[in-house]
Structures are given as structure tokens and as C-alpha cells.
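Just below is one structure, and these are the notes that go with it.
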Amino acid sequence: MISRVFNTVIFFFIFCIPLFSASNSFIDCRVATATANTDDINKMQVRGAFTVGNGAGVKMLYGYPGHPWSSFLSLYLESLNNTKTVYGLAGAWTSTPGDSPGNTMNTTSWKWNGINIKQQISIVSNPASGVNSDTLEFRYVVSNTNTFTARAGLRILFDTQLGTNDNSPVMVEGVGRVVQEAEWTGSAVPDAWFTVDNELNPTLRAEGNLSGGSAVKPDRLIIGQFDYMKPDVNRWTYAIHAQDITDTAVALFWDPQDYAAGQERVFVTYYGIPGITGSRMQAVKSASPSGMVNYGDTLSYSLIYHNTNTQYAANAYMWDTLPWNTSFVDAEPGYTLSGNVISWYLGNVNDTSGHTRWFTASVNEGRGVSVTNTSSLGYTDSYWNSGELEFSNPCSNPIATYSPTASPTQTPTFTISPTHTVSSTSTITPTSTPTPDPLTLSVYGVFPNPAKDTAHIVFNITCGAHVKVRLFTISGELVNQSRDYYEKGNNSFNWDLKNGNGKKVVSGTYLYTIEAVTERDEKKRLTGKFFVLR
């Protein structure tokens with residue numbers, strides 16, 4: 001992680017610093033009650049600063065759960081010699097951080113140069129969906145207690161971290177992922193921003209809502225590098241840096257405005273679990289028959305998909321990998337079969353009603369003990385202008401084998417694993433540890449081909465392995481690469497058609513190499529090509 005330096009004259013150590021929490025089963029916000037350990041970013045706490053995690057205790061902001069310091073409010077007093085400070089670092093506390101009954105709200109009050117700010121962080125119903133209480137409302141009440149007019153502005157900084165990813169990708173409405181620092185001002189400020197732990201296969205999402213509910217849209221939004229926006233009070237006047245972001249942060253600015261003596265204003269923004277903003281596809285898969293099958297049987301798969309949100313899903317497609325121990329029989333018209341991958345182009349999905357695709361496959365003789373596979377949905381979220389990938393539930397059918405004998409009383413034998421059988425007269429007998437399967441690497445193909453928004457290289461490995469994928473132009477220039485561990489079975493490497501700098505690649509032919517290496521140092525390598533068409 002990039003080194004962070006906290007510049008402040010306040011330094012003292014407290015062995016046990018309590019944190020006040022507003023939390024429920026969906027979301028958890030911690031606010032520091034005192035400042036401590038200001039020389040150690042892994043232990044630091046800054047009074048009044050906050051951090052956020054979800055109900056399962058997974059990070060949604062840096063520092064969670066015990067070290068709030070890098071997400072905070074700044075105050076800028078333009079009419080009082082252009083002075084600036086971070087909430088709580090100067091001035092005086094008029095109300096120290098404290099929780100409401102039921103741990104649903106955290107309130108503090110602080111005063112500096114006659115400007116009083118009440119910070120109120122509350123758990124509220126999602127302003128987009130209105131369903132779950134899974135969102136934090138950040139409410140700031142600013143009042144001028146001076147006898148003269150003062151001019152003040154606010155900045156709130158969210159130091160984003162989703163799970164273990166301190167450079168969690170940030171998307172902006174209508175723009176897609178922000179790779180280099182970017183700024184929006186005035187009417188160009190979007191309604192929302194969005195961040196995930198992994199852009200291609202997200203398991204955790206968070207959303208900042210700038211316009212829903214009681215939100216007061218900021219005058220300026222910056223998606224940028226934390227190191228340039230960290231708790232240094234001189235970061236108010238900000239110039240965009242033309243370089244890639246490696247540690248994401250989100251800054252909201254409300255520009256300075258006049259406060260007459262006694263005047264009060266309220267500023268509100270939201271951060272939490274995503275509601276219905278954007279599109280979200282779901283697929284439910286079922287097989288008929290749903291239980292045990294015999295070799296030679298035909299399985300009929302039904303794939304029901306729908307868009308659960310109000311925004312349409314653009315250029316949607318569905319694909320499935322035929323189980324390795326089956327053979328293709330038939331499918332819903334309009335399908336494309338490439339190797340073992342069957343797919344349908346769905347176009348734009350505008351409604352929330354269910355649609356169905358189907359295919360059938362026969363179970364091959366004498367291969368395996370079950371038939372298992374999962375369907376996938378790829379599409380472009382029209383609201384965020386970002387590629388999305390969703391998976392259906394897995395379908396699995398155990399395979400039964402009948403062993404005929406001359407005895408009319410013998411019970412048929414059902415194979416339940418490669419090493420055991422169960423009958424009416426036998427028990428499971430432990431066997432020696434099986435020899436691991438030798439490594440075999442197979443590539444089913446690239447889907448879709450040509451690729452427009454996302455390319456999926458679908459492959460199979462016969463044992464767990466570290467897999468390295470490299471992508472090249474037709475002239476051999478390295479475009480992007482990835483290395484990850486994959487489990488035994490069918491897998492997919494998903495590429496967002498961007499180079500290592502986060503820029504979209506142009507149309508043309510691209511080459512790939514995929515190399516698998518096991519812990520036993522077995523190696524397999526395959527190459528191929530596909531097309532990108534913008």
C-alpha cells in the first residue's frame with residue numbers, strides 16, 4: 001500500500017480508545033471519540049473521522065473496523081483569512097461523538113472560529129430502493145454563531161476500500177470506470193458514484209448517492225488518488241493529476257457561500273449498499289429431470305433471466321458451458337455453439353419480466369458421477385456504462401449406474417464418488433489417498449467472438465493451478481496480463497477489453513496465451529486468437 005503521511009500538530013497516545021458505532025445487519029459505521037497513534041496508519045484514530053463496513057464485517061472504507069482517520073470532513077472559511085482545517089483538529093468540541101439508543105445514529109458537534117458544525121451519521125432506508133436500512137446518511141448542519149457574515153465551504157472525503165482492495169474501482173454515472181483522476185462541476189456532477197472490490201467479478205459493492213432522498217448535490221466531485229487528497233488542510237484547491245489512480249478516493253465539495261449571522265444550512269449525502277440504481281440481471285437455472293439420471297438420459301435445461309432494476313441492460317448475452325460429460329442435442333433457436341460453449345445474444349433487456357432460453361444435452365456413457373454446470377449473463381449497465389457479469393445458480397444431477405446380476409434380490413448399486421460404492425449389503429470402506437489427477441488444460445473458446453464490451457476465455461483444468469493469461473496485439477505487443485489461482489473444472493478469464501493503463505483497446509485481432517502451473521510444477525500452455533469489434 002502506498003505510504004500515507006498524516007500532517008497534524010496533535011499527538012497523544014491512549015491505550016484504549018472507544019469507537020461509537022451506528023450498525024445493523026446490513027451496515028456498520030465507526031466514529032473515533034479521540035485522536036491517537038498519529039504516527040502509525042495501521043493504528044491511527046482521529047476524533048470525529050469515520051469508517052464503514054458491511055453487516056458481515058467487510059471493509060467498505062479504509063481503516064475499518066478500528067482505525068477511523070482517512071475519511072473525514074474539512075471546513076474552509078473563505079471570509080476568515082481563507083483558513084482551513086479538518087473537522088475536530090482545531091477549535092472546540094461542543095458535543096463529543098455519541099450514539100443514539102439502538103445504535104442507529106452517531107452525532108457530534110464542533111465549533112471553529114464561530115462556525116458550528118453538527119455531524120450526524122444515521123442508518124436510513126436506501127434512497128434508491130426504499131427497501132432495506134442499508135445506507136448511511138451523512139448530514140452536516142452548519143451554522144454561523146458570529147455577529148457578522150462568514151463565508152464557509154465543506155469537503156467530505158471517502159477513502160474507498162472494498163474488502164482487501166484499497167484501489168477499489170470507482171464508476172461514475174454514464175462514464176464507467178474512472179482510471180485517471182477526474183472532476184465534475186456544477187450541472188455536470190452526476191447523481192451517483194459506485195465502487196466494487198473487483199470490476200470483472202464483483203463480490204462486494206457500495207454506492208454513493210448524490211441526489212436521492214434528502215441529498216444536497218455537491219458543487220464538485222473528484223475521483224482521485226488518496227495521497228493527493230489525504231488529511232492535509234491545504235488540499236482544498238485541487239488540480240487534477242494526469243496519472244493512473246492506484247489508491248482510490250472520492251471527494252465531494254460544497255463551495256464556500258455566505259452565512260449571515262445566525263444562519264444555518266444543511267448538507268446531506270449517502271453511502272451504503274447499492275439500491276436499484278442501474279441495471280442488474282439475474283438468471284435462474286433448472287434441469288429436468290431435477291434428480292438422479294442414468295447414462296444415456298437427456299437433460300433439459302431451462303434458463304430464466306430478467307432485469308431486476310429499472311435501468312435497461314444493454315447488449316446482453318447468455319452463455320453456458322456444456323458439462324464435460326455430456327453431448328449437445330438441441331437448443332432454443334438463435335443459439336450459437338462454439339466448441340462446448342452455447343450462447344444467445346439477448347440485445348437490450350428493458351423490462352423486469354422473465355424470459356427463457358433452453359437447451360438439451362445427453363449424458364455420456366461411463367463418464368463421471370454427476371453432471372454440473374452454471375449459466376452466465378454478460379451485459380452493459382446502461383446507467384453506469386460499465387460491463388457486468390452475473391452467474392446463475394449451479395445445476396447438478398448425480399449419475400446412477402445399474403449393475404444387473406442373476407440374483408433378483410440384489411439392490412442396484414449407485415455410484416456416489418470415484419472411490420466408494422454403497423449397496424444393501426456393504427459399507428463405505430476408506431481407501432488410500434488418491435493420486436492427484438495430472439494437469440490437463442483445455443480452452444473451449446472465447447465468448448463472444450467478436451467481443452465488443454467483454455471477452456471471456458473459457459477453459460478447463462483437471463486440477464487446481466495458478467493460471468497466467470497474457471493478451472497481445474497481432475504484432476505481439478503485450479496489452480494486459482493476469483495471474484490467479486483457479487480450482488479444478490470449467491473456469492472463465494474475463495477481460496474488460498482495456499489495456500494495462502485502463503484504456504479501451506481498439507478493434508482488431510488479439511492473441512492470448514494461457515499457462516497453468518500446479519504446485520507439483522506441472523505446466524501446460526495454450527495459445528489462441530479472437531477479434532474485438534467496437
| query | If a residue has to be surrounded by 17 or more Cβ atoms within 10 Å (Cβ to Cβ) and in contact (Cβ under 8 Å) with a residue 40 or more places away in the chain to count, how many in the range 192-201 make the cut? | reply | 6
| task | Have a look at GLY63, GLY48, GLY88 and point out the one that is under 19 Å from PRO231 (Cα atoms), in the same structural domain as TYR140 (by TED's automatic domain parsing), in a loop (DSSP other than H, G, I, E, B) and at pLDDT 95 or above. | result | GLY63
| Restricting the search to the range 439-477, which residues are among the aliphatic types (A, V, I, L, M) and at pLDDT below 90? | VAL443, VAL446, ALA451, ALA455, ILE457, VAL458, ILE474
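Tell me, which strands (runs of 3 or more DSSP E) lie completely within the range 281-341 with 1 or more residues that are of a type in the set (Phe, Trp, Tyr)?
Values: elements: 281-288, 298-307, 313-321, 326-331, 336-338.
Answer list for the range 281-341: 298-307, 313-321, 326-331.
Considering only residues that are within 21 Å of PRO438 (Cβ to Cβ) and among the hydroxyl-bearing types (Ser, Thr, Tyr), look in the range 481-496 and name the one that is surrounded by the fewest Cβ atoms within 10 Å (Cβ to Cβ).
We begin by selecting, within the range 481-496, every residue within 21 Å of PRO438 (Cβ to Cβ); these are 485-491.
Still in the running and among the hydroxyl-bearing types (Ser, Thr, Tyr): 485-486.
On the way: TYR485: 9, TYR486: 17.
Looking at residues that are within 21 Å of PRO438 (Cβ to Cβ) and among the hydroxyl-bearing types (Ser, Thr, Tyr), I get TYR485.
From the list ARG235, ARG265, ARG220, which one is touching a helix residue (DSSP H, G or I) at 6+ places or on another chain (Cβ under 7 Å) and farther than 30 Å from TYR486 by Cβ? Show your work before the answer.
On the way: ARG265 fails: touching a helix residue (DSSP H, G or I) at 6+ places or on another chain (Cβ under 7 Å); ARG220 fails: touching a helix residue (DSSP H, G or I) at 6+ places or on another chain (Cβ under 7 Å).
Answer to the check: ARG235.
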| field | Failed item in (1) within 25 Å of ALA215 (Cα to Cα); (2) under 25 Å from the mean Cα position of the chain (by Cα); (3) surrounded by 22 or more Cβ atoms within 10 Å (Cβ to Cβ), with TYR259 passing the rest | value | (2)
| query | Considering the range 237-271 alone, what residues qualify as being among the acidic types (Asp, Glu) and either free of Cβ contacts under 8 Å to residues at least 12 places away in the same chain or within 22 Å of SER122 (Cβ to Cβ) (or both)? | reply | GLU264
| field | Members of the range 366-410 that are part of a loop (DSSP other than H, G, I, E, B), at pLDDT below 75 and either out of contact with any strand residue (DSSP E or B) (no Cβ under 9 Å at 6 or more places or on another chain) or of a type in the set (Gly, Ala, Ser) (or both) | value | GLY366, SER403, PRO404, THR405, ALA406, SER407, PRO408, THR409, GLN410
| Looking only at residues in the range 30-48 that are under 21 Å from TRP110 (Cα atoms) and without any contact (Cβ under 8 Å) to a residue 60 or more places away in the chain, which one is nearest to the chain's Cα centre (by Cα)? | ARG30
| request: Go through the range 321-353 residue by residue and tally those that are at positive phi and in contact (Cβ under 8 Å) with a residue 60 or more places away in the chain. | output: 1
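Quick grid of which residues meet (1) in a loop (DSSP other than H, G, I, E, B); (2) over 18 Å from THR33 (Cα atoms):
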| position | (1), (2) |
| --- | --- |
| SER95 | no, no |
| SER109 | no, no |
| ILE117 | no, no |
| GLY130 | yes, yes |
| PHE138 | no, no |
| THR147 | yes, yes |
| GLY153 | no, yes |
| task | Name every residue in the range 230-281 that is farther than 30 Å from ASN315 by Cα and among the acidic types (Asp, Glu), in order of residue number. | result | ASP232, ASP247, ASP255, ASP258, GLU264
| remark: Taking the range 354-371 and keeping only residues that are within 16 Å of ASN490 (Cβ to Cβ), touching a residue at least 60 places away in the same chain (Cβ under 8 Å) and within 35 Å of the chain's Cα centre (by Cα), one is left with ALA361, VAL371
| request: Kindly indicate the residue of the range 24-41 that is in contact with a Gly (Cβ under 8 Å, 6 or more places away or on another chain) and surrounded by fewer than 22 Cβ atoms within 10 Å (Cβ to Cβ) and also nearest to PHE158 (Cα to Cα) among those meeting that condition. | output: PHE26
| Between residues in the range 147-166 that are free of Cβ contacts under 8 Å to residues at least 24 places away in the same chain and residues that are polar (S, T, N, Q) and part of a loop (DSSP other than H, G, I, E, B), which pairs lie under 8 Å by C-beta distance while being six or more apart or on different chains? | none
| Unique residue being in contact with a His (Cβ under 8 Å, 6 or more places away or on another chain), polar (S, T, N, Q), in the same structural domain as ALA465 (by TED's automatic domain parsing) and in contact (Cβ under 8 Å) with a residue 60 or more places away in the chain when the list is ASN494, ASN501 | ASN494
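Yes/no per residue for (1) out of contact with any Asp or Glu (no Cβ under 6 Å at 6 or more places or on another chain); (2) surrounded by fewer than 19 Cβ atoms within 10 Å (Cβ to Cβ); (3) acidic (Asp, Glu):
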site: LEU73; (1), (2), (3): yes, no, no
site: THR96; (1), (2), (3): yes, yes, no
site: THR107; (1), (2), (3): yes, no, no
site: ILE121; (1), (2), (3): yes, no, no
site: SER129; (1), (2), (3): yes, yes, no
site: ALA152; (1), (2), (3): yes, no, no
site: ASP159; (1), (2), (3): yes, no, yes
site: GLY174; (1), (2), (3): yes, yes, no
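The values are calculated or read from the model by the stated rules, or taken from the named source; none is laboratory data. The model shown is predicted, which means the values in this text are computed figures rather than measured ones. Every residue, glycine as well, gets a Cβ built from its backbone with ideal geometry; the counts of neighbours run over all protein chains shown.
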